[in-house]
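The values are calculated or read from the model by the stated rules, or taken from the named source; none is laboratory data. Predicted model, so just to flag it, every value in this text is computed and none were measured. Ideal geometry is used to build each Cβ from the backbone, glycine not excepted, and the neighbour counts take in all protein chains shown.
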Amino acid sequence: MASEITRGRRIGLDFGEVRIGLSISDLDSILVSPLATLTNDEKFKSNFKKILTENMPVYIAIGWPIHLSGSLSAKSQSVKDFAAALKSYVDVPIYLIDERLTTTDAYAQMRDAGKSMKQSKEIIDQLAAVGILNLALSLEKSDKGLGNPI
């Protein structure tokens, strides 16, 4: 049987070398919405800390890029390094969530909405983060659970 869900917001991240998409859940973990796209630069830490202070999440779910075969991708280590650096200044659990196809799904959503990829870069990152957080919430509510935080 799945464990009881702690009330509170959760934050999802779609890591990129240039941009990091963010999503957020409602307090009851029912709805996930795009939150922001932050530039992955020297200002990321202060900008992200501000978002954490405003939202006080229960945990952070970061998309972990894995190939469809289940093997790690070239980007997997970069995400793991980013998560470890984040852990040094964030005081909430951080989980790596298999993000297979989340970006592909985000592109499909934008295409279906009639938006060009050029118009959509920042929202693509946020939509991918929505997909990641939705996956995390599904795991959290299942018997499988989120696994161990990093």
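Here are some notes:
- Residue count for the range 51-84, restricted to those that are surrounded by 12 or more Cβ atoms within 10 Å (Cβ to Cβ), of a type in the set (A, V, I, L, M) and free of Cβ contacts under 8 Å to residues at least 12 places away in the same chain: 1.
- Residue match in the range 131-149 (condition: assigned to a helix (DSSP H, G or I), at pLDDT 85 or above and among the acidic types (Asp, Glu)): yes
- The number of residues in the range 27-48 being of a type in the set (D, E, K, R) and either touching a strand residue (DSSP E or B) at 6+ places or on another chain (Cβ under 7 Å) or in contact (Cβ under 8 Å) with a residue 12 or more places away in the chain (or both) comes to 2.
- Residue tally, condition under 13 Å from Ile94 (Cα atoms) and either touching a Gly at 6+ places or on another chain (Cβ under 9 Å) or free of Cβ contacts under 8 Å to residues at least 60 places away in the same chain (or both), over the range 133-148: 4
- Annotation: of all residues in the range 51-80 being more than 21 Å from Ile123 (Cβ to Cβ), over 15 Å from the mean Cα position of the chain (by Cα) and in a helix (DSSP H, G or I), the one that is modelled with the lowest pLDDT is Gln77.
- Total residues in the range 10-48, condition in a loop (DSSP other than H, G, I, E, B) and crowded, with 18+ Cβ neighbours inside 10 Å: 3
- Residues of the range 1-49 classified as aromatic (Phe, Trp, Tyr) and more than 17 Å from Leu127 (Cα to Cα), total: 2
- No other residue among Ile51, Ile62, Ile24 is under 19 Å from Gly147 (Cα atoms) and touching a strand residue (DSSP E or B) at 6+ places or on another chain (Cβ under 8 Å) apart from Ile62.
- Among the residues making up the range 81-97, a single one is outside any helix (DSSP H, G or I) and of a type in the set (Gly, Ala, Ser): Ser88.
- Unmet criterion (only one of (1) outside any helix (DSSP H, G or I); (2) modelled with pLDDT of 65 or more; (3) surrounded by 12 or more Cβ atoms within 10 Å (Cβ to Cβ)) for Ile123: (1)
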